[in-house]
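The block underneath contains the structure these notes are about, expressed in structure tokens.
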Amino acid sequence: MSKERIKNGLMLFAFFFKIGCFTFGGGWSILAQMEQEFVDKRKLITKEELLDMVAVGKSVPGIMITNISMLFGYYVGGWFGGVCAVLGMTCPAVLILSFVTAFYKVLKSNVWCYAALRGIRCAVVPIMESAALSLGKEAFRRKSAITICALALALCVFTDISNVVMIVAGVILALSIRAVKKTRGGQTA
């Protein structure tokens, strides 16, 4: 294995470990940091590529951000990069949960822990909103994407349709729109 590949893997591990240690609020707040680090600062991927990784990461079983870290790590550093990114993302959670589990009874009734968690919840909402707005701008560049989103939202609100059916229907609809536009010689969806 080359030194460059090892260096890349360690960079991925360190970045995702840092994110895993200090990010609260789940996948969406982590995506905001990934966008800032890898799209804006390091220019390793485009916003559209990150959005594609999000779509795939949410569509397959498992924890969204772990799926995305694997996809990103693989994109940047092959299998080794993917494994390093996943290990970096999951190690902090395992360590923190091991600690919390060991001291759960003490932490559960601690007013300081309760107050800290309330503060974290308040800080997480704007971070998640920032990621959603930033990635949403990229997702809705085409009318077909807006149409699919509006249909999906209506189905979510007014029916009891399964999430799996919704995702499969979205894929079929997007592929159909792409095929129609391609046969007409227009821009693809």
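What follows is calculated from the coordinates using simple rules that are stated; it is not laboratory data. Everything quoted here is computed from the prediction, not taken from an experiment. Counting neighbours? That spans all protein chains shown, and the Cβs are built from the backbone with ideal geometry, glycine included.
Can you find a residue in the range 172-185 that is of a type in the set (D, E, K, R), under 17 Å from Val56 (Cβ atoms), within 21 Å of the chain's Cα centre (by Cα) and part of a helix (DSSP H, G or I)?
Scanning the range 172-185 turns up no residue that is of a type in the set (D, E, K, R), under 17 Å from Val56 (Cβ atoms), within 21 Å of the chain's Cα centre (by Cα) and part of a helix (DSSP H, G or I).
Determine if the range 87-102 includes at least one residue that is part of a helix (DSSP H, G or I), without any contact (Cβ under 8 Å) to a residue 24 or more places away in the chain, over 30 Å from Met11 (Cβ atoms) and not aromatic (Phe, Trp, Tyr).
Yes: one or more hits.
Between a residue in the range 127-156 that is touching a residue at least 60 places away in the same chain (Cβ under 8 Å) and any residue that is outside any helix (DSSP H, G or I) and surrounded by 12 or more Cβ atoms within 10 Å (Cβ to Cβ), which pairs come within a Cβ distance under 8 Å, given they are 6 or more apart or on different chains?
Pairs that qualify, where the first residue is touching a residue at least 60 places away in the same chain (Cβ under 8 Å) and the partner is outside any helix (DSSP H, G or I) and surrounded by 12 or more Cβ atoms within 10 Å (Cβ to Cβ), are Ile127/Gly25; Met128/Gly25; Met128/Gly26.
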